[in-house]
Amino acid sequence: MIKKLYNRKSKEQLLAQIEKEDFRRKTISFYRYVKIADPKTMRDFLYVNFEKFGCLGRIYVAHEGINAQMNVPEHNFEAFDKFIQSIPEFVGVPYKVAVEEKGKSSFLKLIVKVRPKIVADGLDDSTFDPANTGAYASAEEVNEMIDKGATVIDMRNFYEAEIGHFENAKIMPVDTFREQLAKVENMFSDKKDEEVLLYCTGGIRCEKASAWMKHKGFKNVKHIKGGVIDYAHQVKEKGLPNKFKGKNFVFDERLGEKVGDEIISVCHLCDKNKTDEHRHCKNENCHVLHLSCDDCLEKYKGYCSNFCRLCDALPSKMNRFLVRRDRRQQHGNQYRKNYLRKNFDNF
Ligand SMILES: [Zn+2]
Ligand SMILES: [Zn+2]
């Protein structure tokens, strides 16, 4: 245990180590809803092997399946693929490869975790069958549906949707997928007989969301197989018009992969300058994810507010007390409040 603590590397050390690597990494993600009888054993088995291949990333294992966002050293990719395909539960699982490929790791560590679900959904309904998913829509169909004016619902959190989304997509004022599933039926109850298109980052949330909406009586629910990541690939490959505007938010150190060139979001601090740079507040007790333009970065020194900047100069106990208290009472939901005020006049 003590040895382990001593071996723990700081973020800077890990970054430096990755910088020094003289090989390229392939950034991939994959998921599958499949029954895993013993997630703990599967977890250990995957960890040992992924570590052997030098993989980094975040992998969740649950009774309902696997969800992996990770990278693999290019020279080990073939062996890695062979390994994955040798596991009966994962035979034939497709990998999504990230569009923006710098060849360097965007993850610092390898984390493989057992979770109750691969995507936290908060659902507790024994009559719900998550395997009864909606039909898939190809990139061509997506474009067609958007042109026809179908209802397009962004099944991601607000902070993901605000920096990039499909033309005319409905963005929901939510911070979690769980919250979104709870709200989606009521928000779109008048669309139950119409054509509805769902999308998310890599498709995994829509597998469940489309099944859930069908369960709730939506008759014509489609979703993008492979999510925005795959849409972007298809658009590139087939030379289609790109109807996704802005940045695709991905869960790793890069916080966002560019799909188009356009910046569609505005700085949270000045409400003026366009930016799609998500940053965490420099005050560790706040750490809130926010959009900040370069001017405000300079002005607020990397903090989300003057409050957080001033508190950070205080003794640490006082800082913690004030910021946590303040976040809980007033500015913890600052985005939500901002969002509701600025963007949801129609909801
Ligand atoms: Zn600003
Ligand atoms: Zn802050």
Open item on the list: Run lengths n ≥ 4 of DSSP H only: what is the helix-derived mean residue ellipticity at 222 nm for the chain, with -39500 (n - 2.57) per run over all residues, to the nearest 500?
Closed with: -10000 deg cm²/dmol
TODO: Within the stretch 214-242, find all residues whose amide N lies under 15 Å from a label point positioned 7 Å from the Cα of LYS148 along Cα-to-beta-carbon.
DONE: 219-224
Task: Prolate/oblate/rounded call for the stretch 1-70, Cα gyration tensor, a/c under 1.5 rounded - done: oblate
TODO: Starting from the Cα gyration tensor of the chain, multiply each eigenvalue by 5, take the square root, and state the resulting semi-axes largest first in whole Å.
DONE: 31, 29, 21
- [ ] Neighbouring Cβ atoms within 10 Å as the yardstick, rank LEU297, LEU269 fewest first.
- [x] LEU297, LEU269
- [ ] Holding the Cα-Cα limit at 22 Å, pick out from LYS104/LYS245; LYS52/LYS82; LYS109/LYS301; LYS148/LYS219 the pairs that are longer than that.
- [x] LYS104/LYS245; LYS109/LYS301
- [ ] Please identify every one of the GluC sites (Glu not before Pro) in the stretch 13-113 that sits in a loop by DSSP and has no more than 16 other beta carbons within 10 Å of its own beta carbon.
- [x] GLU21, GLU100, GLU101
Task: Antiparallel %, DSSP beta bridges [both residues in the stretch 135-248], to 5 - done: 20 percent
- [ ] Net charge near GLN13: determine it from the other residues with C-beta under 14 Å of the C-beta of GLN13, scoring Lys and Arg +1 and Asp and Glu -1.
- [x] +2
Task: Label-to-label distance, nm, for residues given as LYS35 and ASP22 (7 Å Cα→Cβ offset) - done: 5.0 nm
- [ ] Excluding residues fewer than 8 places away in the same chain, name every one of the aspartates and glutamates whose C-alpha is closer than 16 Å to that of LYS35.
- [x] GLU64, GLU89, ASP129, GLU207
Task: Extreme residue, positive dipole direction of the stretch 112-259, given options GLY227, SER189, HIS165 (C-beta unit charges) - done: GLY227
TODO: Would you give the gap between the C-alpha center of the stretch 165-215 and the C-alpha center of the stretch 84-158, rounded to a whole Å?
DONE: 13 Å
Task: Burial order of peptide ranges 154-167, 227-240 (average beta-carbon count within 10 Å, highest first) - done: 154-167, 227-240
Open item on the list: Using a Cα-Cα cut-off of under 22 Å, which lysines could be cross-linked to LYS216, ignoring same-chain neighbours fewer than 8 residues away?
Closed with: LYS117, LYS170, LYS183, LYS191, LYS192, LYS208, LYS225
Task: Alpha-carbon radius of gyration plus Dmax, which is the widest Cα pair, for the stretch 135-248 in Å - done: 12.8, 37
Open item on the list: Rg and Dmax in Å for the stretch 1-125, alpha carbons only: what are they?
Closed with: 15.3, 50
Task: Segments 132-144, 312-324, 204-216 sorted - mean Cβ within 10 Å per residue, highest first - done: 204-216, 132-144, 312-324
- [ ] Classify the stretch 143-201 as rounded, prolate or oblate, taking a ≥ b ≥ c as the square roots of the eigenvalues of its Cα gyration tensor: rounded when a/c is under 1.5, otherwise prolate if a/b is larger than b/c and oblate if not.
- [x] oblate
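A short reminder: the numbers here are calculations on the coordinates, not readings from a lab. All values reported here derive from a predicted model rather than from experimental measurement. So basically every Cβ, Gly included, is an ideal-geometry build from the backbone, and we count neighbours across all protein chains shown.
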